[in-house]
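Shown next, in structure tokens, is the structure this report addresses.
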There are 2 protein chains.
Amino acid sequence: MHELKIGLLGCGIVGKGVANILIQNQQLIQSRAGIRLTLKTVADIDTESGRGIPLDEGVFITDAFKVVDDPEIDVVVELIGGKTIARELILKAVDNGKHVVTANKALIAEHGNEMFQKALEKGVEIAYEASVGGCMPIIKTLRESLIGNHIHSMTGILNGTCNYILSKITDTGISFEEALGNAQAIGFAEADPTLDVEGFDTAHKLTILSSIAYGMALNLKDIYTEGITRITPMDIEFARQFGYRIKLLAISKNNGDSVDARVHPAMISDSNLLSNVNGSLNAVAVTGDAAGDIVLYGHGAGMMPTASAVISDLADIARNRLSGIKNRIPPLSFQPDHIKTLPIMPIDEISTHYYCRFSAVDSPGVLSKISGILGQYGISIKSVHQKGRKTKGSVPVVMLTHLAKEADIQRALAEIDGIDVVNEKTVIIRIAEEEELE
Amino acid sequence: MHELKIGLLGCGIVGKGVANILIQNQQLIQSRAGIRLTLKTVADIDTESGRGIPLDEGVFITDAFKVVDDPEIDVVVELIGGKTIARELILKAVDNGKHVVTANKALIAEHGNEMFQKALEKGVEIAYEASVGGCMPIIKTLRESLIGNHIHSMTGILNGTCNYILSKITDTGISFEEALGNAQAIGFAEADPTLDVEGFDTAHKLTILSSIAYGMALNLKDIYTEGITRITPMDIEFARQFGYRIKLLAISKNNGDSVDARVHPAMISDSNLLSNVNGSLNAVAVTGDAAGDIVLYGHGAGMMPTASAVISDLADIARNRLSGIKNRIPPLSFQPDHIKTLPIMPIDEISTHYYCRFSAVDSPGVLSKISGILGQYGISIKSVHQKGRKTKGSVPVVMLTHLAKEADIQRALAEIDGIDVVNEKTVIIRIAEEEELE
């Protein structure tokens, strides 16, 4: 039984990458894993999609359900995406006793608890390294390399589209809309970019990482999620003047009895390694009690990097099969009976530093009014910059706060935005605490 | 058999860290691995060394050989260091059917081929994640996560002592000797720093990484190794002016029929992520045909980070034991019958860019003489900077070359150093090629 027979569902960008590696690097993989990985069937409704891959006659079919029902297939690789057909196919494959490899972060984040439970019952594995961070082995690192560590926190740049757009605004000063158009033109953003730019994709990934780091059930719905659509060149420029860059961060901290997990644009010091992660690249910093800080950095998406992660899952399953074992590593890192229901803190309860940009009329007494209200809510100001530049009759007044509670900030801003000298809704950007990496 | 009984040999810095994690995080590890890791015996000749660790009565002994002969012990953790007793103990443990975990890079690099062969015969594992990069999971990443990739190249900062010293010289302009004294004072360098500052420790690590990346037998002796003792603040300052920083790099490239593997100080562009790895931190960039570039970054040494890596090896062995399997991953990544004898290129045969600092008398015609000789050997100059600053009657003349062969550079410099207008041996520092990470 020195062969693992693979059925590939979905032959889009990543599917093509997987097929290509399985064909071109088959000898290499076998010389490492000691078992042959064979691509038995490729299914896609688009009959053009297998083009360019040197598939043998009869390998390409259009009916994915035939693959999950094929008794000869050992592992199904789901690369269709979405949460309906993909879920149905995976559950059917599991039911038929097949292992599954998927890159589908949305599906894992939303339905993983149910899917993993079913896989455990059936004695098969659902592997999903490719769902977070592309070729960066963040799931393996958390589940295996950091096994002796209490994970304290994680900070990630997990969406290449957002990072590309923010890098572009930072480098050229163009607007979000222009930068998005730019990203779409070169294939770094989808025609409908909502999933990426609104932070949902990052939230899916953070859900997965938080679960395996802290031993909690997957919980997407409680993660505060804010995207990058309201980031302006002006705020990026102010950030630069304060020594910060703006990134869409996935932030997650284990407080012991709750988890602070959230996705939002954040200012990060330009001396922090993550601030230098540019373009479509991804990175994630993890802090453990023994290891200290580890950072992984690489291509978080794209055809070959994602395919590389899929292959590593296939090889792990192949090695387990060769050894006659299953579920060597529990799907969510902790043994199923050790997974807790750890609540995620509502965003109102977090404390952090804030960048506030007020749009105020240029008259005496404005600063005093704003800072007076902030003071009433117990928010103390670390620095104030009032620039002369007028935008539409207002001047931007920028304040950086000391540590403040989100609830206090929101109450103070509701009041400030109501006074007559403030013309527009105040912009806030949270400031990520310093990683001490050096 | 849900328990793995561990015998720890050597209770120095890292040994204490391992003992502490095994005791303090025992529940955590069990809740992930599904098997209890028990510290049965700790052996050290220094009876004071177990102090401060909450060991039960009778756990601490002075005779390491009793541990490797104890039939109740499943895994021996070797943290004694050195290549004599440590080797003897490991081979005895293997002979007795015990698994071994070690952080001993010198031993693996020099005797690993023999040790792994013996372990395979005996059906036990020798795990060594902690030997390279401390808590960075570089060995797991190469052996498991990048299994589908042809690894093209690796560039690493793998010695915290050297990186600390070079960072110190860069930041403060003090001499190598002062920076070394500084590092020794705060425990970042040994009393005898030879192994670190001469590059030998880095060469041990590069030997290991090259073997598992390219599928070649461990081959330390052919790796060109040059340390940092001759790096001066002047060269660091010139480097800065050209947009470079100086790091001790482990460089390894797979040419297909040979491997270019070498350790030497190198200039690296300040836009490269590795140039921002400062202080005692480590990082390694790996380029694979599918994944593209991946960078791992973290604490490459120290009590807890190294202990964290030892624990991950112990957990892997525990999981295998729970499943009743051994050697799920081949020790050198490739199946033993697929390990090639791939030659390492002599340093003479490499081609790279060079920084040359000539110490010349300040007179007309000097530049023409030097560049004339370079030209005779086919070396073309990319840029020349002649600074006014005199050092002991000479002026430094700095040249950066286009791609040149090491053998040509050496022959040209031998001639140049012989002419009357050149006062001192010319300093060369190789320039690392650009990683295209962004």
Using amide H atoms built in the peptide plane, which far-off residues or other-chain residues are under 5 Å from residue B:224 H to H?
B:263
Antiparallel %, DSSP beta bridges [both residues in the protein assembly as shown], to 5:
70 percent
Considering amide H positions built from the backbone, and no H for Pro or chain starts, which residues 5 or more places from residue A:249, or on another chain, come under 5 Å of its amide H?
A:264, A:266
Other copies of residue B:325: label-to-label distances in nm, shortest first, labels 7 Å along the beta-carbon direction
0.6
Copies compared at residue A:361 - label distances in nm, ascending, label defined 7 Å from Cα in the Cβ direction
8.0
What ranking, highest mean first, results for peptides B:334-347, B:103-116 when packing means the other Cβ atoms within 10 Å averaged over each residue?
B:103-116, B:334-347
Treating every alpha carbon of region B:246-331 as one equal point scatterer without solvent, the Debye formula yields log10 I(q)/I(0) values at q = 0.20 Å⁻¹ of -1.11
Amide H contacts of residue B:360 (H built 1.01 Å from N, under 5 Å, at least 5 apart or other chain):
B:395, B:397, B:423
Place the label 7 angstrom along Cα→C-beta at residue A:407 and in each other copy, then list the distances from the first to the rest in nm, shortest first.
7.6
State which helices in chain A qualify, where a helix is a whole DSSP H run, it must extend 27 Å or more along its own axis by its Cα atoms, and its mean Kyte-Doolittle hydropathy must be at least 0.5.
none
Residue-span extension gain [residue A:13 to residue A:270] - 0.36 nm each, minus C-alpha spacing
89.1 nm
Sorting check: for A:242-253, A:22-33, which peptide has the highest mean count of neighbouring beta carbons within 10 Å, and how do the rest follow?
A:242-253, A:22-33
Taking 0.36 nm per residue of separation and subtracting the Cα-Cα distance, what length does fully extending residue B:241 through residue B:24 add?
73.2 nm
Within region B:347-432, how many Lys pairs sit with Cα atoms under 16 Å apart, leaving out pairs fewer than 8 places apart on the same chain?
4
Report the FRET efficiency, 1/(1 + (r/R0)^6), for residue B:258 and residue B:84, where r is their Cβ-Cβ distance and R0 is 45 Å, rounded to 0.05.
0.85
Along the principal axes of its C-alpha atoms, what lengths does region A:138-299 span, in descending order and rounded to whole Å?
45, 32, 26
Net length gained if the chain between residue B:325 and residue B:63 were fully extended (0.36 nm per residue, minus Cα distance)
91.3 nm
If the convex hull of the alpha-carbon atoms of chain B is projected onto planes in all directions, what is the mean projected area in square nanometres?
22.0 nm²
Modelling each spin label as a point 7 Å along the Cα-to-Cβ direction, I'd like the residue A:3/residue B:190 distance in nm, to one decimal.
5.2 nm
Vicinal HN-Hα couplings computed from phi for region A:277-286 (Karplus, 6.51 cos²θ - 1.76 cosθ + 1.60; Hz; Gly/Pro x)
8, 10, x, 8, 6, 10, 7, 9, 9, 10
Measure out, as a whole number of angstrom, how far apart the alpha-carbon centroids of region A:255-306 and region A:345-421 sit.
29 Å
Based on the mean of other Cβ atoms within 10 Å per residue, sort peptides A:423-430, B:360-367, B:168-175 so the most packed one is first.
A:423-430, B:168-175, B:360-367
Can you grab the distance from the C-alpha centre of region B:4-19 to the C-alpha centre of region A:68-117, Å, no decimals?
42 Å
With a bin width of 5 angstrom, please list the P(r) values of region B:347-432 as percents of all Cα-Cα pairs, from the 0 bin to the one holding the largest distance.
3, 16, 29, 27, 16, 7, 2, 0
Per-residue Cβ counts within 10 Å, from other chains only, averaged over B:334-341: what number is that?
3
Averaged across B:137-146, how many Cβ atoms of other chains sit within 10 Å of each residue's Cβ atom?
6
What's the average, rounded to a whole number, of partner chain beta-carbon atoms within 10 Å of each residue's beta-carbon in B:294-305?
6
Which three extents, in angstrom, do the Cα atoms of the protein assembly as shown have along their principal axes, listed largest first?
79, 72, 67
Under a point-charge model restricted to the Cβ atoms of Lys and Arg (+1) and Asp and Glu (-1), what is the dipole moment magnitude of the protein assembly as shown relative to its Cα centre, in debye to the nearest 20?
400 debye
Given B:98/B:140; B:83/B:118; B:247/B:326; B:40/B:205; B:16/B:247, the pairs whose alpha carbons are separated by over 28 Å
B:247/B:326; B:40/B:205; B:16/B:247
Normalised contact order of chain A, rounded percent, pairs of Cα under 8 Å and 6 or more residues apart:
16 percent
What FRET efficiency comes out for the pair residue A:414/residue A:229, r = Cβ-Cβ distance, R0 = 25 Å, nearest 0.05?
0.70
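FYI, it's all coordinate maths here, none of it is from the lab. As the structure is a computational prediction, the values presented were derived from the model and not from experiment. Don't worry about glycine lacking a Cβ; one is built from the backbone with ideal geometry, like all the others, and counts go over all protein chains shown.
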